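**Q** Can you keep this structure in mind? I'll have questions shortly.
Derivation of every value follows stated rules applied to the coordinates shown; laboratory data play no part. Note that the structure is a prediction, hence the values are computed from the model and not measured. Cβ sites come from the backbone with ideal geometry, for glycine too, and all protein chains shown count toward neighbours.
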Amino acid sequence: MGSEDENNVDLPRESPRRSLALPATVVLLGFTSLFTDIGTEMVFPLLPVFLVGTLGASPTYLGLVEGAANTVASLLKLGSGVIADRTTRRKPLVVLGYGIASAARPLVALATRPWHVLAVRVTDRVGKGLRSSPRDALIADAAGDRAGRAFGFHQAMDNAGAVLGPLLATLLLSMNLSLRHVFWVAVVPGTIATGLAALIRESKPPVAQSTSNAAPATPGLFNGRLVSYLAILAVFSLGNSSDAFLLLRARSLGLSTGAIPILWSVHNLSRVVWAHWGGNLADRMPRARLVAAGWLVYAFVYMALGAVGAAGVGTWTVWALFVVYGVFYGLTEPVEKALIRDLVPASARGRAYGAYNFVVGITALPAGLLTGALWRAWGPAVALDVGAALAGVSCVALLGWDAWRTAR
């Protein structure tokens, strides 16, 4: 499968030199995500420790918080995608979304009860829900035949912020600041991100064209290829619970509270490298097969983290597995978004990304509750093995889907 726009008349082929440069919209959105994730990841890796250790919540409640937050975000992603296709401008939703999240996120510092954290996380995800689908459509519109590279760059910048955020949190903790003080500092990068989003210059979305690799430019959005892909994605997502569980697992395997943000930073550094690599591969290799390979990596990491305690190996194994876990993200996050672009006409991209984000998000609540319940009843090994099994089943289904789609 090649790039969608190889034959697209409204996106002519560029010279090799010029094609190396990404559009200004993509670059600016990348830096917006960089600062957003600095603020987000100053909070997120410390949240499981704060929620379970400080506020006395259970692992099941942790799953409820993350699942509910992502469910709210998924519903709004679907709605914002519809709005993005029906209006001439997508930028206002993007700016509003970044602004709400940046204002709400630091308020976790005021939490004295577990439900306070739930309220803040849900509000934070409201912002994410409003911005994600219009932002992805903006990137797809601007990227032309470099969709994989554009989404890879954006994801790499997003992950770079996730590297710097935990490091900054660790530095602040080393200065004897409390968790609550660290949460308050997160307002600064969030404010910068919102300002950068306001500088985006939006261009008119391209007119849909029919190509050999893309979906026909027809009014229907929910064609068989998109629906069947999203169904397979839903099965995988049911086993893809919040990474907060992996951080909780790392803590139970002997890592200190101070080491958790560093571990998360190392993991995200791996994601930076692999997102760039995966995005470039997505413009040259079959995208569905890359996603399937990423799901296999996911299954391996989950099974290995479940077995680490029983095997009695050192904590260095946990660090290594979190690095390998970055490969999963590099082969899925930018590649999946480039793949979605292949399946629908340009006029339906907002709705397509809304549907994609909706499926990923709506399954987060049952995934979190399932993992939390299994964790509490039979321990982390069983909970992680179930996630690995669902990933394996999804991988086989996706490869079959790709063969069916290619044969048509």
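**Q** Expressed in nm to one decimal, what extension gain is obtained for the pair A307 and R86 from 0.36 nm per residue of sequence separation less their Cα-Cα distance? Could the numbers behind the result be given before it?
**A** Values: separation 221, 0.36 × 221 = 79.56 nm, distance 4.93 nm.
Full extension from A307 to R86 adds 74.6 nm.
**Q** Whole-Hz ³J(HN,Hα) for each residue in the stretch 173-180, computed from phi via Karplus 6.51 cos²θ - 1.76 cosθ + 1.60 with θ = phi - 60°, x for glycine and proline: what do you get?
**A** Taking θ as phi minus 60°, the curve returns 5, 5, 8, 6, 7, 7, 4, 5 Hz for the stretch 173-180.
**Q** For the stretch 255-408, what relative contact order do you get, as a whole percent, if you take Cα pairs closer than 8 Å and at least 6 residues apart?
**A** On the way: 149 pairs, mean separation 55.1, N = 154.
Contact order relative to length: 36 percent.
**Q** Tell me the angle of helix 259-282 to the major Cα principal axis of the chain, expressed in degrees between 0 and 90 and rounded to the nearest ten.
**A** 10 degrees
**Q** Please label the shape of the stretch 359-408 as rounded, prolate or oblate, based on the square roots a ≥ b ≥ c of the eigenvalues of the alpha-carbon gyration tensor (a/c under 1.5 means rounded; beyond that, a/b larger than b/c means prolate, else oblate).
**A** Values: a/c = 6.50, a/b = 2.19, b/c = 2.97.
Here the stretch 359-408 falls in the oblate category.
**Q** Same structure again: Going by average Cβ density within 10 Å per residue, which order do the peptides 161-170, 49-58 take, highest to lowest?
**A** Values: 161-170: 23.9, 49-58: 16.9.
Taking the mean over residues of other Cβ atoms within 10 Å, the ranking is 161-170, 49-58.
**Q** Summing -39500 (n - 2.57) over the DSSP H runs of n ≥ 4 in the chain and dividing by its residue number, what mean residue ellipticity at 222 nm do you reach, to the nearest 500 deg cm²/dmol?
**A** Working: 17 runs with 299 residues, N = 408.
About -24500 deg cm²/dmol.
**Q** While we're looking at this one, here's another question. Taking 0.36 nm per residue of separation and subtracting the Cα-Cα distance, what length does fully extending V273 through A377 add? Don't jump to the answer; show the numbers that get you there.
**A** On the way: separation 104, 0.36 × 104 = 37.44 nm, distance 3.69 nm.
Taking 0.36 nm per residue and subtracting the Cα distance, the gain is 33.7 nm.
**Q** Any idea what the dipole of the chain comes to, in debye rounded to 20, about its Cα centre with Lys/Arg Cβ at +1 and Asp/Glu Cβ at -1?
**A** 500 debye
**Q** Sticking with this structure for a sec: Which residues' amide hydrogens lie under 5 Å from the amide hydrogen of A57, considering only partners 5 or more residues apart or on another chain, with H built in the peptide plane?
**A** Counting only residues 5 or more places away or on other chains, the set is V52.
**Q** For V272, what charge total do you get from the other residues with a beta carbon under 13 Å from its beta carbon, if Lys and Arg give +1 and Asp and Glu give -1? Write out the running numbers ahead of the final one.
**A** Details: positive: R271; negative: D37, E41, D158, E333.
Here the count lands on -3.
**Q** Here's a follow-up. Any chance you could give the angle, 0 to 90 degrees and rounded to 10, that helix 380-407 forms with the longest Cα principal axis of the chain?
**A** The helix 380-407 is inclined about 10 degrees to the chain.
**Q** Let me ask something else about it. Could you list Y356, Y302, Y61, Y325 so that the one with the fewest beta carbons within 10 Å of its beta carbon is first and the one with the most is last?
**A** Numbers: Y356 27, Y302 30, Y61 19, Y325 22.
In increasing order of surrounding Cβ atoms, one gets Y61, Y325, Y356, Y302.
**Q** Run the quick spin-label model on A198 and R284: label points 7 Å from Cα toward the beta carbon, then report their separation in nm to one decimal.
**A** 4.1 nm
**Q** What FRET efficiency would be calculated for the residue pair R225, L177, taking the C-beta separation as r and a Förster radius of 51 Å, to the nearest 0.05? Can you show the working numbers first?
**A** On the way: r = 51 Å, r/R0 = 1.00.
Result of the calculation: an efficiency of 0.50.
**Q** Peptides 370-381, 129-140, 329-340, 264-275: what's the order by average Cβ count within 10 Å, highest mean first? It would help to have the intermediate numbers written out before the result.
**A** Details: 370-381: 18.7, 129-140: 28.2, 329-340: 26.4, 264-275: 23.2.
Descending packing order for the listed peptides: 129-140, 329-340, 264-275, 370-381.
**Q** What's the ranking of 82-88, 35-41, 245-251 by average number of surrounding C-beta atoms within 10 Å, highest first?
**A** Order by mean packing, descending: 35-41, 245-251, 82-88.
**Q** So what are the ³J(HN,Hα) numbers for the stretch 91-96, from phi and the Karplus equation (6.51, -1.76, 1.60; θ = phi - 60°), rounded to whole Hz, Gly and Pro as x?
**A** 4, x, 5, 5, 5, 4
**Q** Classify the stretch 255-408 from the C-alpha gyration tensor, please: rounded if a/c falls under 1.5, else prolate or oblate depending on whether a/b exceeds b/c. Walk me through the intermediate numbers first.
**A** Working: a/c = 1.93, a/b = 1.61, b/c = 1.20.
Cα axes put the stretch 255-408 in the prolate bin.
**Q** Using 0.36 nm per residue of separation minus the Cα-Cα distance, give me the extension gain between V324 and S256 in nm, one decimal.
**A** Taking 0.36 nm per residue and subtracting the Cα distance, the gain is 22.4 nm.
**Q** Quick one: helix 114-143 against the long Cα principal axis of the chain, what's the angle to the nearest 10°, folded into 0 to 90?
**A** Here the helix axis deviates by roughly 20 degrees.
**Q** All other residues with a Cβ under 13 Å from the Cβ of L107 taken together, and with Lys, Arg as +1 and Asp, Glu as -1, what is their net charge?
**A** On the way: positive: R105, R121, R180; negative: D124.
Residues close to L107 contribute a combined charge of +2.
**Q** Taking 1 over the mean of 1/r across every pair of different Cα atoms in the chain, what Kirkwood radius in Å do you get?
**A** Numbers: mean 1/r = 0.0472 Å⁻¹.
Kirkwood radius, the chain: 21.2 Å.
**Q** Given bins 5 angstrom wide, list per bin the percent of all Cα-Cα distances in the stretch 320-408, short to long.
**A** 3, 11, 13, 21, 22, 15, 9, 5, 2, 0
**Q** How large is ³J(HN,Hα), in whole Hz, for each residue of the stretch 326-334 in order, when computed from phi with the Karplus curve 6.51 cos²θ - 1.76 cosθ + 1.60 and θ = phi - 60°, using x for Gly and Pro?
**A** For the stretch 326-334, the Karplus-derived couplings read x, 4, 4, 5, x, 8, 10, 4, x Hz, x marking Gly and Pro.
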